[in-house]
Every structure is written in C-alpha cells, then in structure tokens.
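Structure record follows, encoded as structure tokens.
The values are calculated or read from the model by the stated rules, or taken from the named source; none is laboratory data. Since we're looking at a predicted model, the values are computed, not measured. Methodologically, a virtual Cβ is constructed for each residue, glycine included, from the backbone with ideal geometry; neighbour enumeration extends over all protein chains shown. What goes into the accessible areas is simple: the full protein's heavy atoms, side chains included, and nothing from ligands, DNA or RNA. Shrake-Rupley method; radii C 1.70, N 1.55, O 1.52, S 1.80 Å.
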Amino acid sequence: MPRTPVSRGLPDFPWDSLADAKAKAQSHPGGIVNLSVGTPVDPVAPLIREALASVSEVPGYPTTHGTPELRAAAASALARRYGVTGIDPAAVLPALGTKEMIAWLPRLLGLGADDLVVIPEVAYPTYEVGALLAGCRVLRADGTMRLGPESPALIFVNSPSNPTGKVLGIDHLRKVVDFARQRGAIVVSDECYLGLTWEAEAYSILDPRVSDGDHTGLLAVHSLSKTSNLASYRAGFVTGDPALVAELLEVRKHAGMIMPTTVQAAMTAALGDDEHENEQRERYRKRREVLLDAVRGAGFTVDNSEAGLYLWVTREEACRDTVDWFAERGILVAPGDFYGPGSRRHVRMALTETDERIAAAASRL
C-alpha cells in the first residue's frame, strides 16, 4: 500500500501564507517592523549565558528527567512568582521548547481516534496539531456548556491567551477543573505568558485557589522563551500530576527527548533569578504603552490584551485586508485566521521588537 504522508493530515503551515505581506513590508523605505511571530529580540541575561558556558565541556549524556537542581528551581520559581505550592520536584519534566511538548502531549498520553481533545475557540495552532498527530477528534469550546454530554479525554486551556491576551479568572478555571474531574478528562494549561500581566491577574491551573491543592489530572506547561528571552535555547517544562509526569517521562526516555546539559544549567540559573525577568517585563510594558496608544490613535479597537506579548486588534474588516494595510506601512502582523474560524476580523501584534522599531511603527501609524 502507498504511504500516506503525515503532513497530509495537518493544516497548511500558517506562516508560509505571509510571504507576500512580508515582502511588501520589507520594501518600506524605513525597513520592516516585524510584529508577527513574537520572537525575543533582547539579549539573554549574562548570568544565564555564564551558566550555560560553565558546563559546555561536560561530555556525558544528560538525563531526560533533568537535573535535581533544575527541577527544584522550577518548583521554587512557581511558588515564589505565582503562589503555586505543593509541587514535588520529581513532578517537573524539562521540554525541548513548549511547542514540542504541546504538539506531542496527546500522543505521549496514549490518546487516539476514539478520544476528543478540546481546544479554545481562538487558539494557538499547535493544540489542534497535537490532537491531529494523535488521530483525535477536535472541538473548539471556551466553556463546558458547549460540550453537552461529551466526555473529552483532554482539555487545553490557555491563560493568558495567545493570541488574544485574555485572562481566565479563578471561577472559570475551577469550573474547568471540576468538569474535567467529573468526566475523567486531563486538563493541560498552557501558562507560557503567566509572567506577563498588565491589566488583570492571571492564575495557574495548579494554584491552590483553583485546584484545592490537588494536582490530579492537571498539567501546567511553562516556557522560558518569553520573560527570559530563551526562545533559541528551547527551554520549557511541564509539571502537575505526578502520575502523568511520570508517564511522560517514561515515554520520553525511550524516544530520546532529552534536553542538553547546557540548556538545563541555563534554565536552572534563569529560574533562580527574578531580577532579569522583572527587567524584561518592564521593557515589554513600555513597548506595549507606545504601541497601544498608536494603534488606538490610528482608529483600531484593541480587544482583551490584558496580558501576554500581543495586542489583539480589529477594525471590523477581513483580517487579511488589515494585514495588507499594515504591510503598506512596513509593519508585519499576524492574521487572526491563523487561530481559528472565529477570529477572522482581528490581527495579532507582538511587542517583541526593539524600542527603535516599536517607535518606528508608532510613527507610521
């Protein structure tokens, strides 16, 4: 029988469709201001680079589980920064970037064609991709009422949201946890933007006020790409239910999903230091203020955007028309249709450009 390529079961890679808009923005006399992908542009803090270099001569294989120091640093950082207590360091597992972890979670947890995966109505595309790679059914739903009698196997939540910047309150998160426990579902909470809040307080799914101190059936995914600028390091981790983390560890050991020793050391340093993270948050806050004023001054509405690295912008037209409007001014933004059928009248604007480029975008607007 002929082989069926895996890629045929996946959507087109969304960023490929921005080639024409990117070329138009690049032709602007003042150069492109790329507010589309949201990749960090600020340097990695010296203490993190020093930690990475300090073990660069170590030749042996690292462990899939990560060093005890890394796992302890992650548990301590969650307690110190977000009030998440009761995490056993043994229930922390490094990830080669959280996109990889999210994409493979349904498969690593043994889900298949008989299983339903719930993702937000407006969602980071990798939630759907992960479900499709496992052969699961996918349903977009922001509330449990839409699920009716369904008993999903896995529910993704994302707060603060990428792309909208929306923050889910404690009551909403508690309802999701209660529903999942009644139906036997796993909840995976993407918390990569938890450290970037502007107009609302965000909560982890593992917060005692949400979980009542019981992490059974709950997983939280965290990234160091955002406030520590470690996107190039591919540095993240998952934690929560010790039994689920242990299962992920066993599978990942067999599959060779191992974080390099150097990155483990860098993560340990980053998780142990709050000063560099506070400095980066302040950079993004200032850039957000400049861009927010400029976008509103140009006649756009900014919805949600209470937290995270993005502004969720609309002027009630097709998102690709808005993308072209910005591209004519040398600004590249991401169309809302990347994130689901319910977001075709919005664009996403990242705060991840230099102060000079953000000022250039504001001037053009």
For the chain, set up a Gaussian network in which alpha carbons nearer than 10 Å are linked by springs, and say which option among 34, 158, 278 fluctuates the most. 278
Per residue value of the accessible surface for the chain (all protein chains in place, 1.4 Å probe), Å²: 43
Only one of the values (1) 22; (2) 13; (3) 17 was calculated from this structure for percent of Cα pairs over 38 Å apart; name its label. (3)
Give the long-range amide H neighbours of residue 97: residues separated by 5 or more places, or on another chain, with amide H under 5 Å away, using H modelled in the peptide plane at 1.01 Å from N. 235, 236
Take 317, 356 and sort them by solvent-accessible surface of the protein heavy atoms, 1.4 Å probe, largest at the top. 356, 317
Low-density loop positions, GluC sites (Glu not before Pro), the range 180-253 - DSSP coil, at most 16 other Cβ in 10 Å: 199, 201
What pairs in 175/286; 24/226; 22/166 have C-alpha atoms more than 30 Å from each other? 175/286
Compute the relative contact order of the range 217-333 as a whole-number percentage, counting only Cα pairs closer than 8 Å that sit 6 or more residues apart in sequence. 15
Which whole-number value in Å³ per residue fits the convex hull of the alpha carbons of the range 1-144? 251
Quick calc, residue 63 & residue 182: beta-carbon distance into FRET formula, R0 35 Å, rounding 0.05, result 0.45
Taking H as built 1.01 Å from N, whose amide H comes closer than 5 Å to the amide H of residue 331, not counting residues under 5 places away? 33
Assign unit charges at the C-beta atoms only (+1 for Lys and Arg, -1 for Asp and Glu), then state the dipole size of the chain relative to its Cα centre in Debye, rounded to the nearest 20. 620
Using a Förster distance of 41 angstrom, determine the FRET efficiency expected from the C-beta separation of residue 90 and residue 39, and round it to 0.05. 0.80
